[in-house]
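Only one structure is covered here, and it is reproduced in the block below.
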Amino acid sequence: MNVFRMPVSVAVLGATLMITGAVAQPASAHPGPGPGPVPLRTLAAGTGVRVGTAVDMAALADDTTYRTTTAREFNSVTAENAMKWESVEPTRGTYDWRQADDLVRFARAHGQAVRGHTLVWHNQLPGWLTAGVADGSIGAQELRGILRDHITKEVKRYKGRIYQWDVVNEVFEDDGSLRDSIWLRELGPSYIEDAFRWAHAADPRAKLFLNDYNVEGVNAKSTAYYDLAKRLRAKKIPVQGFGIQGHLAIQYGFPGQVAENLARFEKLGMQTAFTEVDVRMILPVDDTKLATQAAYFRGLLDACVQARRCTSFTAWGFSDKYSWVPGVFDGQGAATLMDEGFARKPAFTALGEGLAAGA
Ligand code: XIL
């Protein structure tokens with residue numbers, strides 16, 4: 001499966017390298033996890049962009065280097081899995097907030113903002129919910145109530161502690177049609193605006209985001225989001241942000257028109273954010289691939305720093321030791337900022353340089 005595939009675009013790599021001017025450094029330039037260069041969060045302070053990471057709660061509990069690096073380098077965190085529905089309500093009516101609470105506590109202790117991820121998605125739903133819909137024991141009307149209660153409960157629990165919520169995740173197909181999911185099938189397209197209304201009622205100050213992959217540049221999918229956002233905002237539905245996941249792969253080229261894409265959402269009065277950035281490659285790793293990866297990270301970061309209302313740039317994990325990529329994309333990996341031994345890769349250096357330049 002490769003749902004994250006972008007069309008191959010020729011000559012983009014050269015252009016990206018030229019535009020961003022990212023310079024590859026050997027991974028050994030800043031070896032080891034120790035205090036090396038200025039932390040990313042310090043460099044980010046002057047840019048208006050928070051620099052974040054997804055957090056793996058098992059690694060945070062068990063791996064000291066992981067924990068200290070999370071605290072030192074980032075001023076925004078996202079739960080990689082801990083706030084998803086299957087994590088918080090594994091059995092109907094029985095909630096488990098422990099990991100999500102741990103993350104919010106960790107963030108508070110380290111002066112980090114928290115992105116909430118995610119309230120409505122077609123993946124990582126609890127078994128009781130998908131089974132109940134499949135066998136007809138949960139009908140449409142009941143399902144709508146279940147969704148409303150889920151959103152209300154989770155958003156209220158973290159009221160005032162989460163600055164941005166990914167309210168709906170991945171609701172469009174790449175061709176711009178609404179994704180076939182239990183939500184669309186059972187509730188119809190109005191589930192999207194309902195979700196934003198319910199989330200807003202539960203925490204009126206949190207910024208509420210749409211979020212998806214393959215929407216970095218201007219294309220059919222990002223245009224579907226643009227049209228949706230415009231329509232919802234015209235109806236005064238509380239949607240305030242467009243989240244671009246940013247799962248890139250060097251073999252598919254760098255997306256075109258990223259700046260234009262951010263600008264059109266911002267013109268609607270919305271914030272933008274890069275929410276899950278990683279840049280994978282076909283293994284094995286070599287220096288050329290790492291240099292390209294660095295240029296891609298830098299390309300997205302520069303677009304964010306230069307945009308008027310791009311508020312956060314979040315990496316989907318920072319060490320290859322814990323990346324989701326090898327488990328999902330056959331033969332691919334090395335998608336994050338540090339290698340498996342927490343040595344800073346050229347991409348890490350490129351982000352630091354981009355933040356410094358943007359300050
Ligand atoms: C991924 C996590 O990284 C994995 O640990 C998990 O097994 C599956 O989900 N888009 C999203 C994220 O919005 O929630 C996904 O995270 C990656 C793709």
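Quick notes
For (1) modelled with pLDDT of 95 or more; (2) farther than 22 Å from K345 by Cβ; (3) out of contact with any helix residue (DSSP H, G or I) (no Cβ under 9 Å at 6 or more places or on another chain), each residue gets a yes or a no:
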{"residue": "R264", "(1), (2), (3)": "yes, yes, no"}
{"residue": "T275", "(1), (2), (3)": "yes, no, yes"}
{"residue": "V279", "(1), (2), (3)": "yes, no, no"}
{"residue": "L283", "(1), (2), (3)": "yes, no, no"}
{"residue": "T288", "(1), (2), (3)": "yes, no, yes"}
{"residue": "Q293", "(1), (2), (3)": "yes, no, no"}
{"residue": "F297", "(1), (2), (3)": "yes, no, no"}
{"residue": "L300", "(1), (2), (3)": "yes, no, no"}
{"residue": "A303", "(1), (2), (3)": "yes, no, no"}
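- Consider region 244-296 and keep the residues that are free of Cβ contacts under 8 Å to residues at least 60 places away in the same chain and of a type in the set (F, W, Y). The one that is nearest to the ligand (Cβ to nearest atom) is F274.
- Hits in region 301-335 - residues which are β-branched (V, I, T) and closer than 16 Å to N81 by Cβ: T314, V325, V328
- Residue count for region 339-359 satisfying the condition of being in contact with an Asp or Glu (Cβ under 7 Å, 6 or more places away or on another chain) and either buried (at least 19 other Cβ atoms within 10 Å of the Cβ) or under 22 Å from G299 (Cα atoms) (or both): 3.
Each row is one residue, and each column tells you yes or no for (1) surrounded by fewer than 19 Cβ atoms within 10 Å (Cβ to Cβ); (2) within 16 Å of the ligand (Cβ to nearest atom).
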| position | (1), (2) |
| --- | --- |
| T42 | yes, no |
| A45 | yes, no |
| T53 | no, yes |
| M57 | yes, yes |
| T65 | yes, no |
| T69 | no, no |
| M83 | no, yes |
| E86 | yes, yes |
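- Filter pass, G160 being touching a Lys or Arg at 6+ places or on another chain (Cβ under 8 Å), within 16 Å of K207 (Cα to Cα) and either within 16 Å of the ligand (Cβ to nearest atom) or modelled with pLDDT of 95 or more (or both): yes
- Which listed residue is under 13 Å from V120 (Cα atoms) and out of contact with any Cys (no Cβ under 8 Å at 6 or more places or on another chain), from I162, I182: I182
- Residue, nearest to the ligand (Cβ to nearest atom), within region 107-124, restricted to residues that are assigned to a loop (DSSP other than H, G, I, E, B) and surrounded by 19 or more Cβ atoms within 10 Å (Cβ to Cβ): W121
- Those strands (runs of 3 or more DSSP E) of region 159-278 in which 3 or more residues are hydroxyl-bearing (S, T, Y) are absent.
- Scope region 67-106; condition of a type in the set (S, T, Y), in a helix (DSSP H, G or I) and more than 16 Å from T314 (Cα to Cα); matching residues: T68, S87
- Qualifying residue in region 266-289 (condition: surrounded by fewer than 21 Cβ atoms within 10 Å (Cβ to Cβ), within 24 Å of M57 (Cα to Cα) and among the small types (G, A, S)): no
- Residues satisfying the stated conditions in region 153-192, i.e. of a type in the set (S, T, Y) and farther than 25 Å from F274 by Cα: S190
- If the condition is being charged (D, E, K, R), out of contact with any Lys or Arg (no Cβ under 9 Å at 6 or more places or on another chain) and within 16 Å of the ligand (Cβ to nearest atom), then region 168-202 contributes only R179.
- Test result for V155, surrounded by 13 or more Cβ atoms within 10 Å (Cβ to Cβ) and in contact with a strand residue (DSSP E or B) (Cβ under 6 Å, 6 or more places away or on another chain): no
- Checking each residue in region 297-338 for being of a type in the set (F, W, Y) and either under 21 Å from D166 (Cα atoms) or more than 13 Å from the ligand (Cβ to nearest atom) (or both) picks out F297, F313, W316, F318, W324.
The values are calculated or read from the model by the stated rules, or taken from the named source; none is laboratory data. The model shown is predicted, which means the values in this text are computed figures rather than measured ones. Neighbour counts run over all protein chains shown; Cβ positions are idealised from the backbone, glycine included.
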